[in-house]
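Below is one structure, written out as structure tokens, with a few remarks after it.
Readers should treat all values here as calculations from the given coordinates under stated rules, not as data from a laboratory. Here the structure is a predicted model, which means the values were calculated and not measured. Because the Cβ atoms are built from the backbone with ideal geometry, glycine has one as well, and the counts that use them run over all protein chains shown.
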Amino acid sequence: MVLTGKYTSTNFYIYLSQPGAVLIDDVRLFQGTDTSGTNLLSNGDFESALNPPWRRPANMSNSVIVTDVAHSGSSSLLVSAVAGAAASTNTTLWQPLINSLTNNSIVTLSYWYLPTNNSSKLLLGFSGSGLLSSAGGIPPTPTWTYCTATGKGTVTNSLLYFFPSGTGEFYLDDIKLVAGSVPESGVNLLTNGD
């Protein structure tokens, strides 16, 4: 997620508008619109201890660095809130910015989050009318896709292999292998393909 807006507060906030939990990683804030500059946030990749530089009030006490999932590096931040919050140091995970930015300076925020039922409640940014980003919800539900392929059987092996082209899960159903080049025409040579 990348968003450009205005610097309006000396504190940067991460919070949830309602109770829940979301994983985020690689939070970066840049002066101007150039995202190759220096990150104005300390430990935005969550590869070292959370505090300092991040401050964590009681509402966010379950927010911790986790090492079982990360966008990059070896860890990410589990943002967890027991109650909804607004941009304030009493209810959000926050970090004071130590920089020379002037009020209403243009800044660019980028971060990664893992979509869940709670991700639409995630907010990052400043208080007031400055930069504030809200993560999206769960991606659209995948649909079933019909696929056919024609080829030659060149070995006597009786095993059929499926190789995913990326990471994640995939589901198969109604698999048929027929002799000839016309899909769906002929006896299914596979046992239990449905």
- prompt: According to a simple spin-label model (label point 7 Å from Cα along Cα-to-Cβ), what is the distance in nm between ASP174 and SER42?
  reply: 5.9
query: When the Cα centres of region 1-47 and region 99-118 are compared, how far apart do they sit, in Å?
result: 3
- request: Beyond 18 Å, what share of the Cα-Cα pairs of region 15-72 is found? Please give it as a whole percent.
  value: 43
- prompt: Could you give the nm distance between label points at THR67 and ILE98, where each point is 7 Å from its Cα heading toward the beta carbon?
  reply: 2.7
task: Mind listing the long-range amide H neighbours of ARG55? Cut-off is under 5 Å, sequence gap 5 or more, other chains count too, H placed in the peptide plane at 1.01 Å from N.
output: TRP94, GLN95
statement: For ASP34 and SER17, extending 7 Å from Cα along the Cα-Cβ vector and measuring point to point gives, in nm, a value of 3.4
